[in-house]
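Data block below; observations after.
The values are calculated or read from the model by the stated rules, or taken from the named source; none is laboratory data. What you see is a predicted model, and the numbers here were worked out from it, not measured in a lab. Neighbour counts are summed over all protein chains in view; Cβ atoms, including those assigned to glycine, are modelled from backbone coordinates with ideal geometry. When the accessible area is computed, the model is the full protein with side chains, heavy atoms only, and any ligands, DNA or RNA have been set aside. Shrake-Rupley method; radii C 1.70, N 1.55, O 1.52, S 1.80 Å.
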Amino acid sequence: MYGDWQLIYEGTDLRFGTREHNVEFVKLTVSGDVYRTDDSQLPRQDGTAFGQDFIESGQLAIAVKIDFTTYPAGPDECARLAWAARQAFERGWRADPVRRTPGAVCELVMGGEQAIEGRPRGVSWNDDHQGVGLITGSALFVPAGTGVFDMSDGGGWHTQTVGLVPPQTGGLKAPLKAPLSTSVESSRARPFTVAGDVPAWPIITVKGPLGSGAQVELTSRWRMPLNRSLGAFDVVEIDTRPGHRGMTLNGRAANVLTSGAVQLADAAMAPGPQELALRGTSLEGTATASVRWRTTKESI
């Protein structure tokens, strides 16, 4: 993890890590996980009745260094450059748009190899040698969960898309029964594999045109029936990721699922073979559904 490090959030991509950056990565210290339990003591006897355990990921302490001691300038200029780099890093690490928004998270990319989501929680500095252009610090980061994204394969993102078989039209046969229709429901499924060792949280995108009653399905896992029809230019996005969960229609927040749909908190995709299906009616037959996800590992 000695390549480029990035703290990414809305409007900001704070890069550091290698000697090409003003702020260099020195080392990473990861605190142990903290367990919360709902255990209870057995009444009037020895022992403990164990409940459910919950894990809070330990914080990351990232040791960094700002070193202008070999810069070809006088001590005053080296000191000024080091202080400017310190201020710029601290301003980016403070992540004002994120810390002021409940539920919002940043993404920390570690050396281009893996990434986690969470929040930065300040930097402690040692300015004893700032006068000669050397400052060291420790930047704290609190993960939102225990999962770690694998960035080694295509930036960590994977996509599978499925379309609809064009519906049958015409060919009406007697006896005719109301209501009459010239299209029938069709479906198509696409297999794919989720790598990693823990479930991945998908982003589902559905593009019209689709008649009412359509649904996206992870075969034998979960289903998401839509509560409306979609026009030719309508796009639904369903984000199941913790910290991002929500639904949009054409970029605006909207409830697009029926009450019988899987809860977003239960829509993870387990590692291993999967199959995505789109079921519904579409006169043009051009509707599509896609899932986008990241390979997720259990820990750093």
Determine which single condition Arg15 fails, assuming it passes every other condition in (1) under 24 Å from the mean Cα position of the chain (by Cα); (2) touching a residue at least 24 places away in the same chain (Cβ under 8 Å).
-> (2)
Quick one: would you say Val194 is open to solvent by less than 40 Å² (accessible area, probe 1.4 Å), modelled with pLDDT under 95, within 30 Å of Val109 (Cβ to Cβ) and not acidic (Asp, Glu)?
-> yes
Can you find a residue in region 55-69 that is closer than 29 Å to Gly131 by Cα, open to solvent by less than 90 Å² (accessible area, probe 1.4 Å) and polar (S, T, N, Q)?
-> yes
If you check Arg44 against the conditions, is it surrounded by fewer than 16 Cβ atoms within 10 Å (Cβ to Cβ), out of contact with any helix residue (DSSP H, G or I) (no Cβ under 6 Å at 6 or more places or on another chain) and not assigned by the TED database to the domain that holds Gly103?
-> yes
Taking region 210-227 and the residues there that are open to solvent by less than 30 Å² (accessible area, probe 1.4 Å) and small (Gly, Ala, Ser), the one that is nearest to Val291 (Cα to Cα) would be Ala214
Inside region 278-294, can you point out the residues that are surrounded by 18 or more Cβ atoms within 10 Å (Cβ to Cβ) and out of contact with any helix residue (DSSP H, G or I) (no Cβ under 6 Å at 6 or more places or on another chain)?
-> Leu278, Arg279, Gly280, Thr281, Ser282, Ala287, Ala289, Ser290, Val291, Trp293
Could you please let me know if Ala115 is under 24 Å from His244 (Cα atoms), open to solvent by less than 60 Å² (accessible area, probe 1.4 Å) and either touching a His at 6+ places or on another chain (Cβ under 6 Å) or touching a residue at least 12 places away in the same chain (Cβ under 8 Å) (or both)?
-> yes
Leading residue by the ranking (nearest to the chain's Cα centre (by Cα)) among those in region 54-103 that are among the polar types (S, T, N, Q) and more than 23 Å from Val34 (Cβ to Cβ) | Thr101
Filter the strands (runs of 3 or more DSSP E) completely within region 235-300 down to those with at least 1 residues that are touching a Ser or Thr at 6+ places or on another chain (Cβ under 7 Å).
-> 235-239, 272-280, 288-294
Using the structure shown, decide if Arg223 is assigned to a strand (DSSP E or B), under 24 Å from Pro191 (Cα atoms) and out of contact with any helix residue (DSSP H, G or I) (no Cβ under 7 Å at 6 or more places or on another chain).
-> yes
Which listed residue, of Gly112, Gly171, is of a type outside the set (Lys, Arg), closer than 30 Å to Gln87 by Cβ, at pLDDT below 90 and outside any strand (DSSP E or B) | Gly112
